[in-house]
Amino acid sequence: MRCFKLLLISLIFTAQASANITVQGCNILQYSSSWDMFKQQFITPDGRVVDNGNANISHSEGQGYGLLLADFFGDHQSFKKIWNWTESNLQRTDNALFYWKWQANQPHIPDRNNASDGDILIAWALLKADRSWPGNNYLQIAQKIIDELASNHIIKLDNEYALLPAKIGFQHNKSTVINPAYWVYPALDDFVQQGKIWAALSKSGRDILSKNQFGQYQLPSDWLEFNGTDWLPAKQFPSRFSYSSYRIPLYLIWAGYQHPINGYYQQWLQQNNTAWVDINNNSMADHAPPTSAYAIATLVKMNQSEIKNRNTLPLPKLQDDYYSASLTLFTHIAFHERFCK
């Protein structure tokens with residue numbers, strides 16, 4: 001009887017807490033003009049997503065971003081163009097994954113490695129597209145990508161499941177290198193339907209984050225390595241929490257996960273208003289961060305508030321590059337998928 005009373009009290013408290021939450025700004029059409037602007041600035045007529053902040057290359061990450069945005073805004077025509085370009089230009093011939101980089105000059109594929117975050121984003125977009133526009137073989141293609149990643153890119157590291165950033169180049173004799181921003185948590189949770197390993201990878205990602213809070217601001221380095229005993233900032237990369245890692249709190253909140261990293265990120269940005277911090281010596285960039293950094297910090301703050309108003313999230317600006325514009329729009333999608341249910 002006592003257990004029943006406790007359960008009843010818990011349900012009443014939860015219902016009251018939910019009733020106190022106010023969500024505003026769930027009309028997708030209110031910000032579809034930002035998608036139109038994104039297409040005009042960053043997507044060519046044949047479906048190539050252009051990284052104008054990185055010598056106008058294209059890569060699997062960017063194609064995945066474009067596919068996710070097209071699905072969210074219900075733009076099947078753009079989705080098909082982006083997917084056709086991706087399949088024609090980045091699809092590997094030896095497995096279901098994708099070459100990570102395409103450049104306008106010959107050779108178009110200068111590095112035949114993949115990038116697992118790009119592969120995850122593409123597979124997730126295809127899963128979503130199958131629900132939006134069934135009957136286009138999207139599900140079957142996504143399953144092949146997911147199975148290939150599960151077979152060749154998930155390893156055990158420090159008693160945790162870890163995601164290799166690519167098939168080759170990150171496992172060394174004495175250490176293994178990972179990028180914690182490659183854990184696209186909402187995608188991993190969606191992949192659980194394809195295998196339980198993805199739930200284990202998601203949990204391990206959060207556990208690995210908890211083991212890698214460095215410096216005054218308790219943030220992880222963009223690239224980490226495990227040397228068999230300890231986790232450290234990866235030696236071959238700058239020891240910074242930077243542009244890549246902005247995605248960590250974004251993906252965590254998008255998936256509905258609370259983690260101390262979220263708050264540490266928001267506090268660091270609010271206190272210092274800078275693009276990156278060196279987690280070894282606490283030195284920082286001498287320039288402000290892009291729009292996406294503020295958008296993600298706003299999402300973090302909103303996640304803790306009883307009033308959730310999408311209109312407080314910034315929208316991409318004309319001067320924003322592809323990466324910042326993508327992440328800024330993703331905060332709006334994360335808002336919609338987390339709070340507008």
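The values are calculated or read from the model by the stated rules, or taken from the named source; none is laboratory data. Because the structure is a prediction, the values reported are computed rather than measured. Neighbour counts run over all protein chains shown; Cβ positions are idealised from the backbone, glycine included.
Miscellaneous remarks
- Any hit, region 291-313, residues being among the basic types (Lys, Arg) and either without any contact (Cβ under 8 Å) to a residue 24 or more places away in the chain or more than 22 Å from Met37 (Cβ to Cβ) (or both): yes
- Residues being in contact with a Ser or Thr (Cβ under 6 Å, 6 or more places away or on another chain) and either within 18 Å of Asn56 (Cα to Cα) or surrounded by fewer than 18 Cβ atoms within 10 Å (Cβ to Cβ) (or both) - total across region 316-325: 3
- Residue match in region 52-71 (condition: in a helix (DSSP H, G or I) and either on the phi > 0 side of the Ramachandran plot or basic (Lys, Arg) (or both)): no
- Number of the exception - Ile168 against (1) in a helix (DSSP H, G or I); (2) over 19 Å from Ser88 (Cα atoms): (1)
- From the options Asp190, Asp147, residue that is in the same structural domain as Ile82 (by TED's automatic domain parsing) and either outside any loop (DSSP other than H, G, I, E, B) or not polar (S, T, N, Q) (or both): Asp147
- Number of the condition not met by Gly135 [criteria: (1) more than 20 Å from Pro220 (Cβ to Cβ); (2) among the small types (Gly, Ala, Ser); (3) buried (at least 17 other Cβ atoms within 10 Å of the Cβ)]: (3)
- Every residue from region 193-225 that is of a type in the set (S, T, N, Q) and outside any loop (DSSP other than H, G, I, E, B): Gln193, Gln194, Ser202, Ser204, Ser210
- Odd one out for Ile178, checked against (1) touching a Ser or Thr at 6+ places or on another chain (Cβ under 9 Å); (2) of a type in the set (A, V, I, L, M); (3) outside the structural domain of Ser283 (by TED's automatic domain parsing); (4) buried (at least 21 other Cβ atoms within 10 Å of the Cβ): (1)
Each row is one residue, and each column tells you yes or no for (1) at positive phi; (2) touching a Gly at 6+ places or on another chain (Cβ under 7 Å); (3) in contact (Cβ under 8 Å) with a residue 12 or more places away in the chain; (4) hydroxyl-bearing (Ser, Thr, Tyr).
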{"position": "Lys101", "(1), (2), (3), (4)": "no, no, yes, no"}
{"position": "Ala104", "(1), (2), (3), (4)": "no, no, yes, no"}
{"position": "Asn113", "(1), (2), (3), (4)": "no, yes, yes, no"}
{"position": "Ala129", "(1), (2), (3), (4)": "no, no, yes, no"}
{"position": "Asn137", "(1), (2), (3), (4)": "yes, no, no, no"}
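- Residue in region 316-323 that is free of Cβ contacts under 8 Å to residues at least 40 places away in the same chain and of a type outside the set (D, E, K, R) present: yes
- Every residue from region 160-174 that is of a type outside the set (Ser, Thr, Tyr), over 14 Å from Glu148 (Cβ atoms) and within 19 Å of the chain's Cα centre (by Cα): Ala162, Pro165
- Only one entry in Ile307, Ile296 is modelled with pLDDT under 95 and β-branched (Val, Ile, Thr), namely Ile307.
- Test: residue in region 150-173 that is touching a residue at least 12 places away in the same chain (Cβ under 8 Å), touching an Asp or Glu at 6+ places or on another chain (Cβ under 7 Å) and outside the structural domain of Gln270 (by TED's automatic domain parsing): yes
- Boolean, Phe214 is under 30 Å from Gln267 (Cα atoms), assigned by TED's automatic domain parsing to the domain that holds Val277, touching a Leu at 6+ places or on another chain (Cβ under 6 Å) and in contact (Cβ under 8 Å) with a residue 60 or more places away in the chain: no
- You will find that of Leu269, Leu315, the residue that is hydrophobic (A, V, I, L, M, F, W, C), under 20 Å from the mean Cα position of the chain (by Cα) and outside any helix (DSSP H, G or I) is Leu315 and no other.
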